[in-house]
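To start, the structure itself, in structure tokens.
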Amino acid sequence: MKSQLQGGGAFAALSREITEAVERTDPWIVSIDARGGFPTSGVVWSEGIVVAANHTLVREGDLTVRFPDGARTSVGVAGRDPGSDLAVLKLDTGKRPTAPVDAAAEPAAGELVLAVGRNSEHGLRASLGVIGGVGGQWQTARGASIDRYILLDLSTFPGFSGGPLVDAEARVLGINTTGLSRHSGVAIPVSTVERVVKELSERGHVRRGYLGVGLYPLALPAHLRASLKIEGDGGLMIIGVEEGGPAARGGILLGDVIVALDGKPIEDHEALQSRLGTESVGKRLAITVLRGDRLVQASVEIGERPARGQ
Amino acid sequence: MIPDPAALGRDRAAPEPEAATVLIVAASAVERAGLERLLAANPGIRVVGSARDPLEARELARRLAPEVLLVAGSALLPRGPDSGFGGAAGVGVVLLDREAAAAHRGLNAVLPPDAASREIIGAVYAAAGGLFVSPAPRGGGAARGARPETALTAREVQVLRMMAEGLPNKTIASDLGITSHTVKFHIASILSKLGASSRTEAVTLGLRRGLILL
């Protein structure tokens, strides 16, 4: 009400607030030249760490990072996670401010948000829109588990990926990317970014759990579900076992049908993948399999998914 | 000569008490012995008898009440309303036959006669549990298989697994020591064989066919 009484009314006041919010992001958004003349955006996430979108960093080394104060640094990529489309650069960020992240934020559909990016010479670019939709944990096509689905309803200008999604207080709600969905931009929530950044800065890649099995999804007959008290409708039949792999060492046999992991039903590949995140590596988990017409419990120490590309 | 089922049971080396019970139906003595040895190697499976023709199979199935019939050749399938199997509540049937699927509804699995022992064992387990399964298209360069036209080569499986990791063509090419052009060629072939319209879909289908390990 107060702003309406001042010059310009509510519209002008809103405009001023938006401009101010964009200006507040200026100190910690960098521009990265990693693909010959088409710069992309990055966020100074913490001291010495810049987060960017993996798919925009075409070159492996000799990337030029431009800070808002005009300083330039040449760096290589310290770690990549194609699964979540995040990458980490390690460089001297000096005493520059880092992004104010809001890990506890609960973004809601319809909330006014800004996507901000930096295009080398032309400074900041901003797009105002709303959060188009919010969902629970989801699985990317490349097997990464993202804590929350944040669909963006705003324009995805060139260089937008790797930039932040900020709320009205200019706090970071996530990192934007067009690399995870063919249909629209999404934001990777802060909690997922923090988890991935920790793995990438420590190891250069994100560890994923691994059983060493090939699986075929099937529907379980109702009489079997009823007689054995199986919660889910489906299971995953083991049609390939890696010799000496984690599942083989745990006594899992060809033909077994996985129906639960640590007591929770596993009905399809997505459910299993979401349970084989970084935190599962090295843990011993109880796998319930249907063998013949009875349930058998196997104890399997989850391995680390081998990176064939390394 | 029909073997005495009781004696057969006693002669087996300490099978698990809850093992899946199987009756083998095969025309030749060599086949019967081969399949018996193959199954006997697995402690979770107990062979309760074997028959050489549909009549004998029907008779033994009635007496021994096996959970699964393993039949070598569709000509040996016991037929008729009183054959006592083929339904969800009856005996599970695994058929080894070149002429697959369509004509044999109600069978728990139809495998090619040259199926690997682990495939036969897997199918027997599945049938004992009342499941219906089909053999996976072969990967890993094995040229055998029910649908050879859709089988991925060893190299294609390798490329598919790297695609699943989200690696770009350039990285796949340099890791495998081949050109990007060749990688694109492999990917086109993978998409066509899997019936996928994108890399993402190919990875999803590869997972569901067990080509990408979890």
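Rule-based calculations on the coordinates, nothing more; no lab input. Computed from a prediction, not measured in an experiment: that's the story for all the values here. Glycine gets a Cβ as well: all are built from the backbone with ideal geometry, and neighbour counts include every protein chain shown.
Helices in the protein assembly as shown, meaning DSSP H runs of at least 4 residues, each add -39500 (n - 2.57). Divided by all residues, the mean residue ellipticity at 222 nm is -8000 deg cm²/dmol. Panel order for A:PHE38, B:PHE132, A:PHE67, by other beta carbons found within 10 Å of each beta carbon, from fewest to most: A:PHE38, B:PHE132, A:PHE67. Note on chain A: GNM, Cα springs under 10 Å; of A:GLY179, A:GLY212, A:GLY79, the largest mean-square fluctuation is that of A:GLY212. Applying the Karplus relation 6.51 cos²θ - 1.76 cosθ + 1.60 with θ = phi - 60° to the range A:39-51 yields 3J(HN,Hα) values of x, 10, 9, x, 10, 6, 7, 8, 4, x, 10, 10, 9 Hz, where x marks Gly and Pro. Taking H as built 1.01 Å from N, whose amide H comes closer than 5 Å to the amide H of A:ILE175, not counting residues under 5 places away? For A:ILE175, the qualifying residues are A:LEU165, A:ILE188.
If each residue's Cβ is checked for other Cβ atoms within 10 Å, how do A:LEU211, A:LEU200, A:LEU57 rank with the fewest at the top?
Values: A:LEU211 28, A:LEU200 25, A:LEU57 21.
Placing the least packed residue first, the sequence is A:LEU57, A:LEU200, A:LEU211.
Summing +1 for each Lys or Arg and -1 for each Asp or Glu, what net charge is found among the other residues whose Cβ lies under 12 Å from the Cβ of B:GLY92?
Working: positive: none; negative: A:ASP293, B:GLU67.
Neighbour charge sum, excluding B:GLY92 itself: -2.
The angle between the Cα long axis of helix A:190-203 and the main principal axis of chain A comes to about 80°, on a 0 to 90 degree scale. Going down the list A:LYS229/B:LYS193; A:LYS198/A:LYS283; A:LYS198/A:LYS229, which pairs span over 30 Å between their C-alpha atoms? Long pairs (Cα-Cα over 30 Å): A:LYS229/B:LYS193; A:LYS198/A:LYS229.
Ordered by the number of other Cβ atoms lying within 10 Å of each residue's own Cβ, fewest first, B:MET162, A:MET237 fall into the sequence B:MET162, A:MET237. A simple count of charges around B:ALA127, restricted to other residues whose Cβ falls under 13 Å of its Cβ and scoring Lys, Arg +1 and Asp, Glu -1, yields -2. Compute the angle between helix A:9-25 and the longest alpha-carbon principal axis of chain A, please, reported from 0 to 90 degrees and rounded to the nearest 10. That helix lies at roughly 70 degrees to the long axis.
Coupling constants for the range B:67-72 follow from the phi torsions by the Karplus curve (6.51 cos²θ - 1.76 cosθ + 1.60, θ = phi - 60°), and in residue order they are 7, 9, 9, 9, 10, 9 Hz; glycine and proline get x.
Kindly give the semi-axes, whole Å and largest first, of the ellipsoid equivalent to chain A, taking each as the square root of 5 times a Cα gyration tensor eigenvalue. Intermediate values should be presented prior to the final figure.
Working: eigenvalues 380, 112, 39 Å².
Result for chain A: semi-axes of 44, 24, 14 Å.
Taking max minus min of the alpha-carbon positions on each principal axis, the protein assembly as shown gives extents of 103, 55, 38 Å, largest first.
Within chain A, the longest segment free of exposed loop sites, counting trypsin sites (Lys or Arg not before Pro) that fall outside DSSP classes H, G, I, E and B and have at most 15 other Cβ atoms within 10 Å, spans A:96-181.
Each residue of the range A:204-209 was assigned a 3J(HN,Hα) from its phi angle through the Karplus curve 6.51 cos²θ - 1.76 cosθ + 1.60 (θ = phi - 60°); the sequence is x, 8, 9, 6, 10, x Hz, with glycine and proline shown as x.
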